[in-house]
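The values are calculated or read from the model by the stated rules, or taken from the named source; none is laboratory data. Just so it is clear, the structure is predicted and the values come from calculations on it, not from any experiment. Ideal geometry is used to build each Cβ from the backbone, glycine not excepted, and the neighbour counts take in all protein chains shown. Accessible surface is based on the protein model in full, side chains and every heavy atom, while ligands, DNA and RNA are left aside. Shrake-Rupley method; radii C 1.70, N 1.55, O 1.52, S 1.80 Å.
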Amino acid sequence: MVMSHFRLLSTDFDGTLISHFSDGRCAPDFANVLVEHKKSGGLWAVNTGRSLEHAIEGVGKFQPPVQPDFLLTNEREIFHRTPDGRWVPEHAWNEMCYKKHDDLFAQSIDIFDRIRNLAEGHPGINLLEENGQPAGVITSDENVMHEFVAFLEPECQTMPTFSYQRNTIYLRFAHSDYDKGSALGELCRILQISPLDVLAAGDHFNDISMLDGRYAAHPCCPSNAIPEVCSIVQAAGGYLASKPAAVGVAEAWHFFYSDRQK
Ligand SMILES: [Mg+2]
């Protein structure tokens, strides 16, 4: 029966499909899930903080038995794969996304000045720029990231649409309307897929927006997920896998799949 199948898998990449537990290649358990999912007509989105270029590179090394249908990149942009393997932007969404960020960042000069000052006096905080504008930071370790977030939180209070996405030592400045969750929501709107037919998997802070139950009724995390992610997945009635990374995602898929057949 068709209802047994998920129509869309939305998986984070780093920490969720690959990690220091793996060699960057697709684990056999997850490869089997992908084949099974594809056979039932399911779609697969890699929903990542990576840029398009780095997402393509990572998926290339991953060598999955089927290719993703969508890449959601920088925690906000949407690309779909054409039959001949090219990645094409979802223009309306991506253009609005770029415009809203341009407008927001143009209004955030004071915030960026204070961030620049902080970074200049702190060897562990490296400010990244894209197109001559601050885009995010990389910190020397996760403790410094905690420190930076403690500085940034009150700054965000001064501009309600100014937000950020963080993942280990990486942080990207973002408009509060854009995150992995809202990008997944837009993809489902375009495809006319209900949250009831979506399984989402992630391990870190930047995955929380797609794991809280709003956009995917079947959220899960691998055993290496951070405690904050585990709490969100648990609160949303999702599945906390006992195994790490892609093997854990495969475990979750089987759990939800057998649950749907009851
Ligand atoms: Mg991750």
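Observations, loosely collected:
- If you check Glu186, Glu228, Glu251, Glu153 for being in a helix (DSSP H, G or I), closer than 17 Å to Ala45 by Cβ and not polar (S, T, N, Q), only one passes: Glu186.
- Selection count, region 206-220, where residues are under 17 Å from Arg166 (Cα atoms) and surrounded by 20 or more Cβ atoms within 10 Å (Cβ to Cβ): 6
- Single condition Arg50 does not satisfy, out of (1) surrounded by fewer than 16 Cβ atoms within 10 Å (Cβ to Cβ); (2) in contact (Cβ under 8 Å) with a residue 24 or more places away in the chain; (3) over 19 Å from Trp253 (Cα atoms): (1)
- Condition check for Asn117: loosely packed, with under 15 Cβ neighbours inside 10 Å, farther than 30 Å from Gly42 by Cβ, at pLDDT 95 or above and not assigned by TED's automatic domain parsing to the domain that holds Glu228: yes
- Only residues that are open to solvent by less than 40 Å² (accessible area, probe 1.4 Å) and of a type in the set (D, E, K, R) were counted in region 160-191, giving 4.
- Matching entry among Cys230, Cys220 (being closer than 20 Å to Arg7 by Cβ and among the hydrophobic types (A, V, I, L, M, F, W, C)): Cys220
Okay, residues lined up against (1) on the phi > 0 side of the Ramachandran plot; (2) open to solvent by less than 80 Å² (accessible area, probe 1.4 Å):
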residue: Asn74; (1), (2): yes, yes
residue: Val88; (1), (2): no, yes
residue: Tyr98; (1), (2): no, no
residue: His146; (1), (2): no, no
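- Qualifying residues in region 9-31 (those that are more than 20 Å from Tyr257 (Cβ to Cβ) and within 10 Å of the ligand (Cβ to nearest atom)) - the one most open to solvent (accessible area, probe 1.4 Å): Asp14
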